[in-house]
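Asker: Have a look at this one before I ask anything.
The values are calculated or read from the model by the stated rules, or taken from the named source; none is laboratory data. Keep in mind that this is a model prediction, so the values were computed, not measured. Ideal geometry is used to build each Cβ from the backbone, glycine not excepted, and the neighbour counts take in all protein chains shown.
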């Protein structure tokens, strides 16, 4: 099968959609299918081809400084259309909704091939980046109308989690939806596959004591991730436990970095908090090994890729309660839920006396629960969706 994958974000950009797209690209090629990616170009102004056999086509776009430095590319490229005609894809799989995503719909119409559309992001949670709170309700209404339209346009519609499917139902989408969680190569994150000396070097760089209990957040550092709640909960924990031998490591970049650094300073916990800044996607498996406990307060996740990665890295999950995580976290069995900063502090304190046998049991059960998110399961599920889309277009 030959698939043309359209996405407005792709590594080296760091976000869940980019990671998901790269995972799909690699999985298809690993199983013998052909995949051509059309995405934005963060490297220069022109159209560039990279990857194996030039299978990644990058289009130039305008840098959006206020929106994570994403690129806004045009919705049509004659040169890329020529490449796609020569490639002759069997179907188009669209991952995003901006210029590149719209280009994907145009390509499918022009080449008379089926479309598969994945709705990755709860766009309503991000309208404030554009509206700044002005007419935000109107913006959310426009988003809902657009989503309903897209659900009718594609031959097959994918959501990565039950949470998004339920959201779709509440806004009036009544088409068939396929729930297909993104697959992850868990072997990359297994501690046994990561050289111990590299972890020690990282700990030395950030002056993390070898015997410290390390809480870790890894992801985009932005408002919707609610890292401020984690800092406040950690402050309460430190106040309760005095000079506890712990650190809180925040891995990633984003627009909220400076604000959070100021918050850590005002809370007088900067000696216990470490900001690493952005790291490359290929380096994240090593950075997970800095931690013992993975923390998250976000309630905007659609499938929680970082939670699965953290489990594969043998970290204990402590997360703010969210319906999207119910398939990953069974409270007290595969991880721990909290509801607010005070509850987080209490749960952190309980970890100091958590028996080793209990922790190991939770790790084992967590590893079992992420098996359905393996790359093999991902490929099987995605191919069944593709097959249905092709049959609809016969």
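Asker: Out of curiosity, is residue 164 assigned by TED's automatic domain parsing to the domain that holds residue 113, surrounded by 20 or more Cβ atoms within 10 Å (Cβ to Cβ), more than 21 Å from residue 109 (Cβ to Cβ) and out of contact with any helix residue (DSSP H, G or I) (no Cβ under 7 Å at 6 or more places or on another chain)?
Answerer: So residue 164 passes the test.
Asker: Which members of region 309-368 meet the condition of being farther than 17 Å from residue 186 by Cβ, assigned to a helix (DSSP H, G or I) and under 19 Å from the mean Cα position of the chain (by Cα)?
Answerer: Hits for region 309-368 are 323, 324, 325.
Asker: Suppose we filter region 41-57 for residues that are under 21 Å from the mean Cα position of the chain (by Cα) and modelled with pLDDT of 90 or more; how many remain?
Answerer: Residues in region 41-57 being under 21 Å from the mean Cα position of the chain (by Cα) and modelled with pLDDT of 90 or more: 1 in total.
Asker: Only one of (1) part of a loop (DSSP other than H, G, I, E, B); (2) touching a helix residue (DSSP H, G or I) at 6+ places or on another chain (Cβ under 7 Å) fails for residue 264. Which number is that?
Answerer: Every condition holds for residue 264 apart from (1).
Asker: A further question on this structure: For the structure I just gave you, tell me whether residue 231 is in contact with a helix residue (DSSP H, G or I) (Cβ under 9 Å, 6 or more places away or on another chain), at pLDDT 95 or above, more than 24 Å from residue 341 (Cβ to Cβ) and buried (at least 16 other Cβ atoms within 10 Å of the Cβ).
Answerer: Criteria not met by residue 231.
Asker: A further question follows. Could you tell me which numbered condition residue 184 fails, if it satisfies all but one of (1) under 21 Å from residue 14 (Cβ atoms); (2) surrounded by fewer than 15 Cβ atoms within 10 Å (Cβ to Cβ); (3) in contact with a helix residue (DSSP H, G or I) (Cβ under 8 Å, 6 or more places away or on another chain)?
Answerer: Failed condition: (2).
Asker: Could I ask something else about it? So residue 337 passes all but one of these: (1) farther than 24 Å from residue 285 by Cα; (2) modelled with pLDDT of 95 or more; (3) touching a helix residue (DSSP H, G or I) at 6+ places or on another chain (Cβ under 9 Å). Which condition number does it fail?
Answerer: Every condition holds for residue 337 apart from (1).
Asker: Mind checking which pairs have a first residue in region 196-219 that is free of Cβ contacts under 8 Å to residues at least 12 places away in the same chain and a second that is surrounded by fewer than 17 Cβ atoms within 10 Å (Cβ to Cβ) and part of a loop (DSSP other than H, G, I, E, B), Cβ under 9 Å, 6 or more apart or different chains?
Answerer: Pairs found: 200/210.
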